[in-house]
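The values are calculated or read from the model by the stated rules, or taken from the named source; none is laboratory data. All of these numbers come straight from a predicted model, not from anything done at the bench. Neighbour counts run over all protein chains shown; Cβ positions are idealised from the backbone, glycine included.
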Amino acid sequence: MKNWKAVLLLVGCLMFSGFTANLAVAQSPNASVYVVHGIPGHDVNEALDPALPVDVIVNPGKGQICLLQGFKFGEIAGPLTIPAGTYSIAISLASTVAPCSNPPLLGPVSVTLSSGENASLVAHLQYGSSPTPTVQKFDNDLTNPIANGKSRLIVQHTANAPAVDIHVVRYAYPPIPLTTISNVSNGEQTQADLPSERPIFYGTTTVTLTPAGENKPVIGPYYFQLNPHSVYLIYAVGSLSTQSFTLISKVIPGV
């Protein structure tokens, strides 16, 4: 890999948590990455901790990089600045004695990152009666500027759950529907630019998920304060069958 020598030069700068957000790499274009843990332990094995602490490994084997340690279900790490290139990603059960030494629980999975790209790498379960864990890359749209008075919602469905409709409503009397995005399946993402809120002390925009074509909520409402020129990354994670289905989010201002 042509970027591998550049990556090796970073090893001395790595903290215990892996790549740092402000890492600079000479003569190497970078990508910005959010890493999301969306797999509940009980969906892997009932004997496991529901938080399923894991270590995330880049290019497992000789010279591997221990990117994240003790990373738990529902957590988001990043943004991490990583040289553009193709990497092998593996996830193992966390080891406090020798981090990143356990055999892979998931992977290795090949991931390609482009120069200037902003991406989410989500460890999640594919939907099905015997859900299979995977790592999936999603491109986060931060390149197209957000118009004045608008905010951007990017929703990524990575939960072990069937297709959903996503309802976004401004909480008022009566409520003001902003948009409904229909039939979003596991492994898909969708986005919408929506009117921002006037500054107040609490969020008044709600996001609710219902089974596709139905009206009864399966999750939500979740409340958000939509600030202008901000991107809201919203991840549906967990599992409907084990009642760990939830939304987690990250806000990126200034887009």
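Observations on the structure shown:
- For segment 227-247, the tally of residues that are surrounded by fewer than 18 Cβ atoms within 10 Å (Cβ to Cβ) and either at pLDDT below 90 or over 27 Å from N118 (Cα atoms) (or both) stands at 4.
- In segment 111-125, the residues that are surrounded by fewer than 16 Cβ atoms within 10 Å (Cβ to Cβ) and not in a loop (DSSP other than H, G, I, E, B): T112
- Among the candidates I91, I146, the residue that is more than 25 Å from N215 (Cβ to Cβ), buried (at least 17 other Cβ atoms within 10 Å of the Cβ), touching a Lys or Arg at 6+ places or on another chain (Cβ under 6 Å) and at pLDDT 95 or above is uniquely I146.
- Picking from residues in segment 37-65 that are charged (D, E, K, R) and in contact with a Leu (Cβ under 7 Å, 6 or more places away or on another chain), the one that is modelled with the highest pLDDT is D55.
- Among the residues listed as G78, G70, the single one being within 27 Å of V237 (Cα to Cα), at pLDDT below 95 and surrounded by 14 or more Cβ atoms within 10 Å (Cβ to Cβ): G78
Table: residues versus (1) on the phi < 0 side of the Ramachandran plot; (2) touching a Ser or Thr at 6+ places or on another chain (Cβ under 6 Å); (3) free of Cβ contacts under 8 Å to residues at least 12 places away in the same chain.
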residue: P133; (1), (2), (3): yes, no, no
residue: Q136; (1), (2), (3): yes, no, no
residue: H157; (1), (2), (3): yes, no, no
residue: P162; (1), (2), (3): yes, no, no
residue: P174; (1), (2), (3): yes, no, yes
residue: L178; (1), (2), (3): yes, no, no
residue: N183; (1), (2), (3): no, no, no
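- Identity of the residue in segment 126-140, exposed (fewer than 15 other Cβ atoms within 10 Å of the Cβ) and not in a strand (DSSP E or B), that ends up modelled with the lowest pLDDT: S129
- Count of segment 209-226 residues which are touching an Asp or Glu at 6+ places or on another chain (Cβ under 9 Å) and surrounded by 15 or more Cβ atoms within 10 Å (Cβ to Cβ): 6
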